[in-house]
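Input: a single structure, listed below in structure tokens.
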Amino acid sequence: MGPVMTVARRELASYFATPVATVFIVIFLVMSGTLTFTLGNFFARGTADLQPFFAFVPWLFLFLVPAITMRLWAEERRLGTIELLLTLPIAGWQAVLGKFLAAWAFCAIALALTFPLIITVNVLGNPDNGVIAAGYLGCLLVAGAYLAIGAAISALTKNQVIAFVLGVAACFLFAAAGSPVVTEFLSRNLPWMAETARGLSVTDRLGAFSRGVVAFRDILFFASFIGVWLFANTIAVDLRKAD
């Protein structure tokens, strides 16, 4: 794991070498707080929990996570540094995993900085902090799923804008797959796809975590989901290395 952690440390440090990391975190904190306290009717609900926050997080990540991943490989290809990286004595999967872990750690930092919300609900009432912890775990797994998708797409192009747009579109498909609009449409027209779509929905999985249900099948789903996209990412990088 030595090369993986070396790549991860290098990548994570690069986030904080520019104002991009600060801008991302500030936007995330402002938007998550605003949506939770306004559209989420945080005070009007009269319940000490973070359900509104967990409801909005996957939709915020839908745009913010591809903004992180769009540069992971596209920037390396544009600057030509990917050739240098691939000449180092590390396997493609190690570089892919290292970059993914760095981006995931960055998302974890952003989530951790929402701790004032936890303090607020504990001051206002007696929330079930176990449910809150499960919800945060679900948010982190959703971020990992989106990161894996975005990183794989970023490896296919050297244009960051294209990587961002395609990343948002792909993440949206897996976020909206379980929505009532999609499942009801599929149930009427393509019944055999309705259950599949619901099974692939990351927002449906997060719903269970936000209710405090941490099921092995959901953990396995996210692990498999991330693994498949990282495998695709590795194939794209290895093909580039072969060129």
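The values are calculated or read from the model by the stated rules, or taken from the named source; none is laboratory data. For clarity, every value in this text was computed on a predicted model and none was experimentally measured. We place every Cβ from the backbone using ideal geometry, glycine too, and count neighbours over all the protein chains shown. Accessible surface is based on the protein model in full, side chains and every heavy atom, while ligands, DNA and RNA are left aside. Shrake-Rupley method; radii C 1.70, N 1.55, O 1.52, S 1.80 Å.
Listed values, structure above:
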| quantity | calculated |
| --- | --- |
| Top-ranked residue in the stretch 31-54 [being among the small types (Gly, Ala, Ser) and part of a loop (DSSP other than H, G, I, E, B); ranked as surrounded by the most Cβ atoms within 10 Å (Cβ to Cβ)] | GLY40 |
| Selection status of PHE63, open to solvent by 80 Å² or more (accessible area, probe 1.4 Å), in a loop (DSSP other than H, G, I, E, B), of a type outside the set (S, T, N, Q) and out of contact with any Pro (no Cβ under 8 Å at 6 or more places or on another chain) | no |
| Residue within the stretch 67-77 that is surrounded by 16 or more Cβ atoms within 10 Å (Cβ to Cβ), touching a Phe, Trp or Tyr at 6+ places or on another chain (Cβ under 6 Å) and of a type in the set (Val, Ile, Thr) present | no |
| Close pairs from the stretch 114-126: first under 17 Å from ASN41 (Cα atoms), partner in a loop (DSSP other than H, G, I, E, B) and of a type in the set (D, E, K, R), Cβ under 9 Å, at least 6 apart | VAL121/ASP49; GLY125/ASP49 |
| Selection within the stretch 12-24 - at pLDDT 85 or above and either crowded, with 18+ Cβ neighbours inside 10 Å or aromatic (Phe, Trp, Tyr) (or both) | LEU12, PHE24 |
| Set ALA197, ALA177, ALA169: member being within 18 Å of the chain's Cα centre (by Cα) and surrounded by 15 or more Cβ atoms within 10 Å (Cβ to Cβ) | ALA177 |
| Residues (within 17 Å of the chain's Cα centre (by Cα), more than 11 Å from ALA145 (Cα to Cα) and open to solvent by 40 Å² or more (accessible area, probe 1.4 Å)) located in the stretch 201-231 | ASP204, ARG205, ILE219, LEU220, PHE231 |
| Pairs with Cβ under 7 Å, 6+ apart, first in the stretch 160-179 and closer than 24 Å to ARG77 by Cβ, second open to solvent by 50 Å² or more (accessible area, probe 1.4 Å) and charged (D, E, K, R) | GLN160/ARG71 |
| Residue check, TRP104 free of Cβ contacts under 8 Å to residues at least 60 places away in the same chain and closer than 26 Å to ALA215 by Cα | yes |
| Selection within the stretch 84-141 - part of a loop (DSSP other than H, G, I, E, B), open to solvent by less than 60 Å² (accessible area, probe 1.4 Å) and over 19 Å from PHE24 (Cβ atoms) | ILE90, ALA91, GLY125, PRO127 |
| Subset of the stretch 40-79 (residues that are of a type in the set (Val, Ile, Thr), over 15 Å from the mean Cα position of the chain (by Cα) and closer than 23 Å to THR234 by Cα) | none |
